[in-house]
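The values are calculated or read from the model by the stated rules, or taken from the named source; none is laboratory data. Everything numeric in this text was worked out from a predicted model, so none of it was measured. All Cβ positions, even for glycine, are placed from backbone atoms using ideal geometry, and neighbour counts span all protein chains on display. We work out accessible area using only protein heavy atoms, side chains counted, and drop any ligands, DNA or RNA first. Shrake-Rupley method; radii C 1.70, N 1.55, O 1.52, S 1.80 Å.
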Amino acid sequence: MIRGGVAIRARIAAALVAALALVGCGPSIEMKPLSPNATRALANLHVDPAAAAGMLNAYRASHGLAAVRLDNRLTAMAQRQANAMAASHELSHDVAGNFASRVVASGIDTPRAAENIGGGFYSVEEAFRAWRESPAHNENLLMPQATRFGIAIAKDGGSRYGVFWAMEVAAEPERASSGKALALSRSDAPASPKP
């Protein structure tokens, strides 16, 4: 019986060592360097806001919705979110603070706002395609009340994504007398490329 107990304890100890080794591998997997091709693609990646506006507006028009315009405050908010995700190596709506507090802190006056985030897309076309294919993200692209948007990226060659995307959309401010509450939306399932 003692021998069996020793054998069981040895197997448990081995399993614990293996589990701890796997846990230790987590950050190294997250921080795996990009391939040379991905590094070159990342270096050449830039977001053309006018092209993004054209793509978003064509998509909205195909669904009978009005065009949106590029907004400096929403673009700045998107840039802060993308930068925060890259700095933390985390694809999350909350890494720079919760969405409602970020809208208020950005000085954005709106009764309705939404956010799409993503990681690992090396073109605006890839990001928009993934957002269109995700029901929650697509709902934000097609928000009927939206009249303005901002889009930004932040690069981080040390993360598994390489690039982080953020896009904010918002409605026009309502008159002060309306008394309506701010309705916020975000997609809870961040888009990332399919493996």
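Summing charges over all other residues whose Cβ lies under 12 Å from the Cβ of Ala78, with Lys and Arg as +1 and Asp and Glu as -1, gives +1.
Legend: residues Glu174, Glu133, sorted from most to least accessible area (1.4 Å probe; ligands, DNA and RNA excluded), read Glu133, Glu174. Per residue, segment 67-163 exposes 39 Å² of accessible surface when a 1.4 Å probe is rolled over the protein heavy atoms with every protein chain present.
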